[in-house]
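Notes for the one structure printed next.
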Amino acid sequence: MNTFSDSIAMAASLVVALDPTLWTVVGRSLAVSGLACLLASALGLAVGSWLAVARFAGRSALITGLNTALAMPSVVVGLVVYLLLSRSGPLGFLGWLFSFQAMVLAQTLLVLPVAMALSRQVVEDTERQHGEQLRSLGAGTLGRAALLAWDERYALLTVVITVFGRAVAEVGAVMIVGGNIDGFTRVMTTSIALETSKGDLPLALALGVLLLAVVLLLNASVGAVRRWRERADTGVAGAVPA
């Protein structure tokens, strides 16, 4: 008996047969990560764009701290959120511990520095080229941030995709604050860890394949956005009279 080939065959059958347990976990995982990406991107892109053009005391230290937060282990974020939402924590009155909301909050805090740091870098690179011109036209800090962010909207779209990829692939934070409860807080990454430890390799493998498919789709989306941006830039350049 070939365990590897048998597991692959059973995993494929689970995917093709639209196994409800499998696809429920996938749907929940995409919902948690999608909402976390939406919240983190909305705040992170705005703050990151502002930080790219703003000048104030302590800015360098703030950027250093932000870049350091990129390497923050997900289990540390999960622990902090757990303490905040625990019964004795400051947010314990919400009753969110071991819930969908707790997982969204943990993933949002985890990927928020990614959205802020990457968007800041994208907008700041453009600000070096066009910032002086915008200042000479009387644009303030918020105005320059908004104009430069819109000018780099295609690049910022890749930032959003990157943020979602970081969220959907993490395991530590959602495991701690969600509890990996069957039917309620179990997502793809936590299910893979649990099913592997239980010896249910076909289900773990099926979830792993679907997770890789999501990551592959994200990478393809990034490439498509970049090509779209290049074509758009080429079209604008071609429309300018010689």
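For this structure, a couple of remarks:
- Mean sequence separation of contacting Cα pairs (under 8 Å, at least six apart), scaled by the length of the chain, corresponds to a relative contact order of 30 percent.
- When Rg and the Kirkwood Rh are both derived from Cα coordinates, the Rg/Rh ratio for the chain amounts to 1.07.
- When only the Cβ of Lys, Arg, Asp and Glu is charged (+1, +1, -1, -1), the dipole of the range 36-153 relative to its Cα centre reaches about 240 debye.
- Relative contact order %, the range 174-237, counting alpha carbon pairs below 8 Å whose residues are six or more apart: 19 percent
- Where trypsin sites (Lys or Arg not before Pro) in DSSP loops with at most 12 other Cβ within 10 Å are excluded, longest remaining stretch of the chain: 88-242
- With N counted as the residues of the range 71-178, its alpha-carbon radius of gyration over 2.2 N^0.38 Å works out to 1.39.
- Percentage of interatomic Cα-Cα distances in the range 56-122 larger than 13 Å: 67 percent
- GNM result for the chain, Cα springs below 10 Å: residue of SER29, SER99, SER136 fluctuating most strongly: SER136
- The chain, helix-only ellipticity at 222 nm - DSSP H runs n ≥ 4, -39,500 (n - 2.57), divided by all residues, nearest 500: -27000 deg cm²/dmol
- Of the residues VAL47, LEU105, VAL16, the one whose Cα sits farthest toward the positive end of the charge dipole of the chain, with +1 on the Cβ of Lys and Arg and -1 on the Cβ of Asp and Glu, is VAL47.
Quick note: the coordinates plus some simple rules give every number you see, no bench work behind them. Nothing here was measured: the structure is a model prediction, and the numbers come from that model. Please note: Cβ atoms are built from the backbone with ideal geometry, for glycine as well, and neighbour counts cover all protein chains shown.
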